[in-house]
Amino acid sequence: MTERAPGTSGGRRVALPGGEMPSGAFLLSALAPVVAAVLRVALPPDAGTYTLLIWLLGLFPVFLLTRYMGWRGALVALVWTGLLVVLSELTVGVLTQHPTDFRLVGAVTVIIAAAALGAGVNEQWWWRGMPEKGTGTPAQLRGGDEGLPGRAVMEYFLSKVFAGARREPPLSIVLLEVDRFQEYGQLYGSGAVAQAMETVVGSLRKHTRAMNVFGRYEHGGILVLLQGEGLEGCHAFTQRILEETASTAAPWKGRVTLSAGIAGFEPSIENPETLIGHARRALDTAQSMGGNCSVIFKGNVDETLVTPGMIVLHPDGQVKEIHRAF
């Protein structure tokens, strides 16, 4: 199961060293400087200020490539645009029999370089905001085109709230996945599954309190961190998300359903990865039961679970459903 989240554009994506990029954005990055170069050659030699203005098109690759590739994208954009600036000015010189105006080349290069430096610094500042990770690509920091944080950011937040839960519990987490996510992607395309994800995200934004956070975690999956919430409250929250999502019109015949794995902080848990592992076990159990349900991993949390219909997974692998409140 991959970490990469599909975009919501509904189109294909281009694999890059720093992550994936929507094909439309990639083509815009490549073609915008080409269009500027063609316009430069077509303009009269004495166009003056207009010559500088057309090279503002060179800012497209700077910001788009930096968005998906970080510093490497900023450098690629600078080199690509700079190359076309030089080639276009040399072409103008040959066609007009005038010497090449290298002052213009220098001015355009300085403008593009400044933009690339600014975009790269901004990207690096955000990247280094994850000190415990130290690594991760811009694509991992973002979770797709829904505007959600990505896996690296969610792991960073989890490490913080996990440490806080030792002093001020409770803390519960939910792993949500769209049922048959990969299958629907193959049958209906990335646009349909992206629309399904937007449905889930819309429901989460409606029901999640401001003090909590959620973001993309795995392919088709979302991690929700609920501070100050026990397993009972987390289960009620999750059921609202599942029910509202299933009641919303799907981009395919049928419904958009979710599977959910719930786990709670325990003092005996040594690290956030173990907590995630508990939620993953519960999610796998929910999926094996056919999906469209939530399962709670019941470890050593000192909390009585009495909600009818609640499905509980015990550490020994036994699954029990609560049929009535006591």
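The values are calculated or read from the model by the stated rules, or taken from the named source; none is laboratory data. In this text the structure is predicted, and so the values were computed from the model without any measurement. Glycine gets a Cβ as well: all are built from the backbone with ideal geometry, and neighbour counts include every protein chain shown. Only protein heavy atoms, including side chains, enter the accessible area calculation; ligands, DNA and RNA are left aside. Shrake-Rupley method; radii C 1.70, N 1.55, O 1.52, S 1.80 Å.
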Quiz prompt | Residues located in the stretch 259-276, provided they are assigned to a loop (DSSP other than H, G, I, E, B) and either open to solvent by 10 Å² or more (accessible area, probe 1.4 Å) or charged (D, E, K, R) (or both) | solution = F265, E266, P267, S268, E270, N271
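State which residue is most open to solvent (accessible area, probe 1.4 Å) when the search covers only the stretch 290-310 and only residues that are assigned to a strand (DSSP E or B) and more than 11 Å from L231 (Cα to Cα).
At the first step, the residues of the stretch 290-310 found to be assigned to a strand (DSSP E or B) are 293-297.
If we keep only those that are more than 11 Å from L231 (Cα to Cα) as well, we get 293-294.
On the way: C293: 22, S294: 6 Å².
The selected residue is C293.
May I ask you to verify whether F237 is in contact (Cβ under 8 Å) with a residue 60 or more places away in the chain, open to solvent by less than 20 Å² (accessible area, probe 1.4 Å) and not polar (S, T, N, Q)?
Numbers: in contact (Cβ under 8 Å) with a residue 60 or more places away in the chain: yes; open to solvent by less than 20 Å² (accessible area, probe 1.4 Å): yes; not polar (S, T, N, Q): yes.
Here the answer is yes, as F237 does meet what is asked.
Looking for whichever is under 23 Å from the mean Cα position of the chain (by Cα) and modelled with pLDDT of 95 or more here; the options are A260, A282. Which one fits?
From the options A260, A282, the qualifying one is A260.
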Quiz prompt | Among the candidates L59, L53, residue that is assigned to a helix (DSSP H, G or I), closer than 17 Å to V79 by Cβ and at pLDDT 70 or above | solution = L59
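Each row is one residue, and each column tells you yes or no for (1) part of a loop (DSSP other than H, G, I, E, B); (2) under 17 Å from H235 (Cα atoms); (3) open to solvent by less than 10 Å² (accessible area, probe 1.4 Å).
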{"site": "Y184", "(1), (2), (3)": "no, no, no"}
{"site": "V193", "(1), (2), (3)": "no, no, yes"}
{"site": "V200", "(1), (2), (3)": "no, yes, yes"}
{"site": "S203", "(1), (2), (3)": "no, yes, yes"}
{"site": "I222", "(1), (2), (3)": "no, yes, yes"}
Quiz item: Within the stretch 278-303, can you find the residues that are without any contact (Cβ under 8 Å) to a residue 12 or more places away in the chain and at negative phi?
Solution: S288, D302
